[in-house]
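Read-outs throughout are calculated quantities, based only on the coordinates presented, and are distinct from any laboratory measurement. Quick caveat: nothing in here was measured; it's all calculated off a predicted structure. A quick note on method: Cβ atoms are made from the backbone with ideal geometry, for glycine too, and the neighbour counts reach across all protein chains shown.
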Ligand code: G3I
């Protein structure tokens with residue numbers, strides 16, 4: 001018997017999925033049955049909703065918001081400030097040079113007012129700033145990723161984004177979101193950033209751990225240490241983009257059309273130990289969102305090897321529960 005994950009975990013945390021207008025159709029019943037939270041995979045990003053200064057395009061974002069309203073599901077907003085999927089016009093003046101900092105910040109404020117304001121009734125929290133910490137371990141002075149945001153406005157764009165979001169919807173929970181979040185080195189950088197925002201009195205309420213993991217990495221010890229470290233900030237934590245790739249990051253093999261039995265068994269064990277840990281820390285964790293729902297569609301089909309199939313979720317290509325689902329269900333099931 002397939003018990004809904006959202007029911008099994010209702011006293012622990014939300015169970016979420018990233019969706020797009022196509023998966024809302026193709027995975028509709030699965031989403032309704034197991035999940036009580038949604039995130040737009042691409043549709044609320046800057047380029048998606050605001051491709052030109054005087055043009056907002058909300059059609060796809062509206063489809064996702066309407067589904068969440070209709071199904072009474074929680075909806076997370078993703079994302080307001082990122083170095084990717086952000087249009088060039090934002091950073092440029094009429095002659096194609098970079099704009100001044102005050103112009104960029106005014107454009108950001110106006111964008112945030114419009115987008116956050118539009119979905120105020122249904123979105124309870126936003127990934128306000130996404131992935132601004134650098135992965136470069138060698139250069140300690142450059143702990144922030146280089147970007148046009150940083151070039152133009154310096155570090156202050158980060159605090160400003162949170163302030164604008166808070167102004168646009170004072171009730172919204174505001175998150176800093178990043179990947180490689182369990183790497184000890186990056187973990188300390190993320191900690192330092194959020195600590196300093198809190199010290200400045202910036203409105204920030206949570207940390208998003210993207211959790212793009214695989215069968216082998218990161219280690220459970222590193223995941224545990226990251227959760228404990230971030231919890232010391234006194235903020236709520238969410239896993240925002242969980243998937244468990246069946247390939248090591250360096251593995252570029254392209255010969256598989258199905259996952260091997262070994263992969264599926266390892267994946268089940270891996271998911272079991274991950275959810276055992278998350279359940280243990282449920283007082284700190286308010287949501288666990290997968291970056292998709294079933295193996296028939298995942299961004300990992302195109303990354304890091306374009307066109308290579310991956311099978312990272314609890315449900316298979318036909319949207320039937322995998323062994324990994326059984327293990328995850330078993331942890332929260334009443335005994
Ligand atoms: O929409 C165009 C389509 O018109 C075009 O024909 C096609 C050809 O490549 O591209 C389509 O755009 C793609 C877009 O997804 C929509 O499918 C982009 O190429 C592709 O790069 C883009 O990838 C998205 C990626 O963010 C961009 O960096 C993934 O779907 C999305 O899952 C991924 O999500 C991110 C989170 O936002 C932040 N954390 C990491 C996570 C995974 O990279």
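For the chain, the longest principal axis of the C-alpha atoms and the axis of helix 156-168 are separated by about 80°. Could you work out the relative contact order of the chain, using alpha carbon pairs under 8 angstrom and six or more residues apart, expressed as a whole percent? That works out to 17 percent. Only helices enter this figure: runs of n ≥ 4 DSSP H residues, each worth -39500 (n - 2.57), summed and divided by the residues of the chain, yield -11500 deg cm²/dmol at 222 nm to the nearest 500. Stokes-Einstein diffusion for the stretch 186-235, with the hydrodynamic radius set to the Kirkwood value over Cα pairs and evaluated at 20 °C in a medium of 1.002 mPa s, equals 181 µm²/s.
Take every Cα pair under 8 Å whose residues are at least 6 apart in sequence, average their separation, divide by the length of the stretch 24-181, and the relative contact order is 24 percent. The calculated FRET efficiency for the pair residue 11 and residue 232, based on their C-beta separation and a Förster distance of 22 Å, comes to about 0.35.
Semi-axis lengths, largest first, of the ellipsoid equivalent to the stretch 136-234 are 24, 18, 12 Å, with √(5λ) applied to each eigenvalue of the Cα gyration tensor.
Projected over all directions and averaged, the alpha-carbon convex hull of the stretch 155-301 occupies 10.1 nm². With a Förster radius of 41 Å applied to the beta-carbon distance between residue 217 and residue 1, the computed FRET efficiency rounds to 0.75. Within the chain, antiparallel bridges make up roughly 10 percent of the DSSP beta bridges whose residues both belong there. Each 10 Å bin from zero holds the following percent of Cα-Cα pairs in the stretch 64-187: 12, 38, 32, 15, 2. Here the residues 261, 120, ranked from fewest to most Cβ neighbours within 10 Å of their Cβ, fall in the order 261, 120. In the calculated pair-distance distribution of the stretch 234-319, the portion above 20 angstrom amounts to 38 percent of the Cα-Cα pairs. Within the listed set 227, 274, 190, the residue fluctuating most in the Gaussian network model of the chain (springs between alpha-carbon atoms under 10 angstrom) is 274.
Between the stretch 263-294 and the stretch 71-99, what is the C-alpha centre distance in whole Å? Taking the Cα centre of the stretch 71-99 as reference, the centre of the stretch 263-294 is 30 Å away. Principal axis extents of the Cα atoms in the stretch 210-283, from largest to smallest and rounded to whole angstrom, are 46, 21, 19. Remark on the chain: ratio of C-alpha radius of gyration to 2.2 N^0.38 Å is 0.98. Between residue 89 and residue 151, the FRET efficiency from the beta-carbon distance, with R0 = 25 Å, is close to 0.95. Look at 194, 328 and count the other Cβ atoms within 10 Å of each Cβ; fewest to most, that gives 194, 328. Counted over all Cα-Cα pairs of the stretch 79-126, pairs farther apart than 16 Å make up 47 percent. Over every Cα atom in the stretch 1-152, the radius of gyration and the widest Cα-Cα span, Dmax, amount to 18.1, 63 Å. Among 54-65, 133-144, 198-209, the peptide with the highest mean count of other Cβ atoms within 10 Å heads the list, and the full ranking is 198-209, 54-65, 133-144.
Counting every Cα pair in the stretch 104-161, what percent are over 18 Å apart? So the pairs more than 18 Å apart make up 44 percent of the total in the stretch 104-161.
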